[in-house]
Every structure is written in structure tokens, then in C-alpha cells.
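Reading through the C-alpha cells given below for one structure.
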Amino acid sequence: MTIWYGLLGLFFAAYLVLGGYDYGSGLLLARSRNNADRRAVLTAVGPFFLGNEVWLVAAVGILFGAFPMLEGELLSGLYPAVALALAGVLTVTAAVQLRSRTDHARAAWDRVVIAGSALAALGWGAVLGGLLQGVPLHEDGHVEGVSHVVTPFAAASAVTLLTLAAVHGAAFLTLRLPEAGHARIGRRLVPWALAAVAATTVVGVLSARVRDAVQRPAAAVPLLCLLVAALVVAGGALARGRPGVGFAATSVALVVPVALVGVATWPYALVSTVDPAASLTVADAAASGPTLRLLSWLAVPLIPVLLSFQMMSWWVFRGRIDGRAPVYW
């Protein structure tokens, strides 16, 4: 059960890292000066785009199969945020595919990519914020209402993930594109990301709902420090012309929010803000033992296949789009 919960977090964190640079790159289309620049950004992302979303499908599969109770209450309790995120994912996917089919509407589709990327990042940030602050889960096992999604902490979490995705996208494009403009953009975005992390932390500390939902505040503090350190390292690496280090640091920055939610709320999968006794533990949310054993037979070959595919795609398309090798260290 604990292993499956860890796999759920691992798969979703992998999706945020890999899909995060897709959405971050999409956001940075707004900074591109002309169609050639926007085309270069999309070409840099293109080989990885659809493959990155496989990790989201795998995470959803684990959620449905291994944690059916969590799936039901998570989707009902946070469905506005989940719907926002999925709408963004679908919008970006459709817009990227349709952009190349019409010459006269490419600028319009580029704006759709930007909007969809923003929706996806904001939506997933709101989901993580909603999990960290708890939901109104009642004794009957159902979440009541959706007003708990519209809170200052959920909004701050959404904006924070948006800024993290933008910095991550800038680091990725610095690896893939020959010109250094995105490194400069990434350095300028780092202070905004740090400000967003600080604001979210302050809002969380001041929120009684968040304080009550966090079960392990002592474990949350080191993770917040790691997030800040990762952003500082990313800014310094981009300034020194080491985009590989910068990209690794921004990847860590996108893993930390998922780890923070899992560690800070353990042993609960959903913390109730109206009745602590109604909180859903990870053990209660998990499927039966025979079901988990059956899923294990499916997961054992699946995980190596996913990892092999990801490593192969990165190896094949490891260079810049002009054919030169990127500087990693």
C-alpha cells in the first residue's frame, strides 16, 4: 500500500517535471518575437510532447486501480481544479496539433497554446494546494461543496506552480535552442518564483485550515528549503551558462510540491477540514490486497518500459535543434 502511494506520487511528479517544461515552453511563446521564434520553441518541445503525457495517464491508472476511494473523493472534492488542469492539457495538445495545419491562423493557435499552458499549470497547482489544505470530507465519506477550492492558499499554490513551470520551460529551452535569450528569461523569472513560494508559505502559515491539515510540519520545512535552494541554484546555473545544471535544479523544484503534499499530510490521503475523524488514510483509500497484488503484475513490466522509452527519447533528441551538443556542466 505504501509502495503504491509512493508510485502514485512518483508518477505524478514525473509528469510535472516532463509536462512542466511543455507548459513552461508554451507560456514562453508569449515572449517570442515572431513566428520563426515560436516555431523554434515548439520544435524544441515536439519530440517529447506526447510522450510526456503518458506519465499522467500512468498516474491516473494507479489512482483508479490502487486507490479507488481516493479517486472518487479527489475528483469530486477538487473537480473544478482538476477540470481546469485537464482542460489546459487538452487545449495545448489540440492547439499544437492544429497549428501546423493552417498557415493563416498560426498566431491564433499560438495564443491558444499559451492559454492552455497557463490553465494546466494553474489547475495542477490548485490541486496540490487543495490537497495540502484539506477538503470538507464528512463522516459518510463524501466531500461537500466546492467553495474550498477557491481559497487564497489554493490560488497562491496555482500561481506558484505557474512560475515554476515558466522557469522550468526556460531552462529546457536553453538546453535545446542555440540562442541564449531563454537563459536570460529564466534568470529573470527565478525571483518571481521565489516570491511566489514565499507568498504561498506565508498564506499557508496564516491559514488555520492549512495548519490543521498539515500533519508533519517539521518534515515540510526541509522540503521548502530544498525548493528555495533549487531555484537559487537554477538561477545561478543559467547565469553561468550551465543549462544542464539549471534544468536539473528546476526539475527538483517541480518534484518538491508533490513530495511536500505526500509527506506533510501522511498518513492521510485526504484530510477532512470539518471532521478530523472522517479523514481518509492512505490505508483506507487503498484497494484490497488481492487487487494490489494483481496490479503489481502489471506494474512490474510497465515501469521499466516507461523509463526505457523516456531515456531513449532523451538520448535520441539530446542535442540542440541546430545539431550542436548542449552544455550540461
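The values are calculated or read from the model by the stated rules, or taken from the named source; none is laboratory data. Here the structure is a predicted model, which is why all the values come from computation and not from measurement. All Cβ positions, even for glycine, are placed from backbone atoms using ideal geometry, and neighbour counts span all protein chains on display. The protein model used for the area step is the full one, side chains on, heavy atoms only, and it has no ligands, DNA or RNA in it. Shrake-Rupley method; radii C 1.70, N 1.55, O 1.52, S 1.80 Å.
Restricting region 112-129 to residues that are farther than 30 Å from A269 by Cα and touching a residue at least 60 places away in the same chain (Cβ under 8 Å), which is surrounded by the most Cβ atoms within 10 Å (Cβ to Cβ)? The selected residue is V113. For region 95-103, the criterion of being surrounded by fewer than 22 Cβ atoms within 10 Å (Cβ to Cβ) and either within 30 Å of T291 (Cβ to Cβ) or within 16 Å of the chain's Cα centre (by Cα) (or both) is met by none of the residues.
For region 261-274, taking the residues that are surrounded by fewer than 22 Cβ atoms within 10 Å (Cβ to Cβ) and hydrophobic (A, V, I, L, M, F, W, C), the one that is farthest from the chain's Cα centre (by Cα) is identified as V274. Can you tell me how many residues within region 276-294 are more than 15 Å from G77 (Cα to Cα), open to solvent by less than 50 Å² (accessible area, probe 1.4 Å) and in contact (Cβ under 8 Å) with a residue 40 or more places away in the chain? Number satisfying all stated conditions: 4. What about S32, is it at pLDDT below 80 and touching a strand residue (DSSP E or B) at 6+ places or on another chain (Cβ under 7 Å)? Taking the combined requirement at face value, the residue does not satisfy it. Consider region 178-199 and keep the residues that are touching a helix residue (DSSP H, G or I) at 6+ places or on another chain (Cβ under 6 Å) and touching a residue at least 60 places away in the same chain (Cβ under 8 Å). The one that is surrounded by the fewest Cβ atoms within 10 Å (Cβ to Cβ) is I185. Scanning region 13-32 for residues that are surrounded by fewer than 22 Cβ atoms within 10 Å (Cβ to Cβ), free of Cβ contacts under 8 Å to residues at least 12 places away in the same chain and among the aliphatic types (A, V, I, L, M) turns up nothing. W297 meets the conditions (1) closer than 30 Å to F247 by Cβ; (2) free of Cβ contacts under 8 Å to residues at least 40 places away in the same chain in every case but one. The failed one is (1). Looking only at residues of region 38-54 that are open to solvent by 20 Å² or more (accessible area, probe 1.4 Å) and within 19 Å of the chain's Cα centre (by Cα), we find that the one that is nearest to A287 (Cα to Cα) is V54. Here L307, L254 are screened, and the one residue that is part of a helix (DSSP H, G or I), closer than 30 Å to L162 by Cα and open to solvent by 60 Å² or more (accessible area, probe 1.4 Å) is L307. Only a single item in (1) out of contact with any Gly (no Cβ under 8 Å at 6 or more places or on another chain); (2) in a helix (DSSP H, G or I) is not met by L27, and it is number (1). Test A277 against the stated conditions and say whether it is within 24 Å of the chain's Cα centre (by Cα) and among the aliphatic types (A, V, I, L, M). So A277 does not fit the description; no.
For region 261-281, the criterion of being in contact with a Ser or Thr (Cβ under 7 Å, 6 or more places away or on another chain) and in a helix (DSSP H, G or I) is satisfied by at least one residue. Identify the single condition in (1) over 21 Å from A66 (Cβ atoms); (2) in contact with a Phe, Trp or Tyr (Cβ under 6 Å, 6 or more places away or on another chain) that S251 does not satisfy, given that it satisfies every other one. That leaves (2) as the condition not met.
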